[in-house]
Amino acid sequence: MSVMRKEMEKYRDIDEDDLLQKLTEEELQRLENELEELDPDNALLPAGMRQKDQTKKAPTGTFQRDDLLAHLEKSANEHPDKEDLVPFTGEKRGKAFIPKKRSDPILENVTLEPELEEALANASDAELCDIAVLLFITLLIPSTSSITVWTSHLTSTLGTQRIDPTRC
């Protein structure tokens, strides 16, 4: 064994707690000052040693949660609330916000024949959905032959009424 290892062997079985109890108050203070110089962000250092103990007060005893809550509630009730700088009266100030009505310029210029307007006004929801489907399909498939195929498919699924593809 090396000489260094033999020197370290004699320190292996030392009781650290016994050593700390034998230190005087002044020696403990010096030890604490030296430990202060250690890195406080070192995760390997125990949490209790990362910051020096700054209290000289003896422990007060066990923690009593119910007593603490009762004391906090009592002190909160005794302490008057701050008065508002501007008291709340509930008065509404200023104008109420009214959003502007926006009109679509495209829809304003659309005029339908009176017969069509009456038919659309009297149409059921199902009929309006059928019209919307037909209009959407004509936008997707502009060729007349494709429209004929789609309209024949729709008439077979929706009902027996025949749809004229040239009017779409």
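Readers should treat all values here as calculations from the given coordinates under stated rules, not as data from a laboratory. Everything numeric in this text was worked out from a predicted model, so none of it was measured.
For Lys57, the lysines whose Cα falls under 23 Å of its own Cα, not counting residues fewer than eight places away in the same chain, are Lys22.
The distance separating the Cα centre of the stretch 84-100 from that of the stretch 1-15 comes to 81 Å.
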